[in-house]
Amino acid sequence: MRSSLFNDKGFCNIAADIPRNGVYLLYVRPRHRLAKLIVNPESVIVDLLCNEKESLVYSFFNPTNREAILVTGHIVADIEGVYR
């Protein structure tokens, strides 16, 4: 059984073990986007990528000496078509 990172209200809290200069990729289901995104530490670099399946991929690059990052988000339907 697959489980979602997001709860029934669409919120997630992800603690990812990402070392210095590491990358964490968050694949969002097709035709959805993150309406709210908070990343800790703030110096983590966030990029937004698209793939051929009409879904967004959030890339988190950790340039800090911390060994983990915290990502808090809220997923919503992408009625604006950001993924295009």
In square nanometres, what is the average projected area of the Cα convex hull of segment 5-54?
-> 4.2
So, in Å, what gap is there between the alpha-carbon centers of segment 22-43 and segment 50-84?
-> 3
Which value in Å does the Kirkwood hydrodynamic radius of the chain take, with 1/r averaged over all unlike C-alpha pairs and then inverted?
-> 13.3
For every other residue with a beta carbon closer than 13 angstrom to the beta carbon of P30, add +1 if it is Lys or Arg and -1 if Asp or Glu, then tell me the sum.
-> +2
Once the piece of chain linking K9 and C50 is laid out straight, how much longer is it, given 0.36 nm per residue of separation minus the C-alpha distance between them?
-> 12.3 nm
What's the exposure ranking of L70, L49, going from fewest to most Cβ atoms within 10 Å?
-> L49, L70
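Values in this text are rule-based calculations from the coordinates and carry no lab data. Everything numeric here is computed off the predicted structure, so don't read it as measured data. We place every Cβ from the backbone using ideal geometry, glycine too, and count neighbours over all the protein chains shown.
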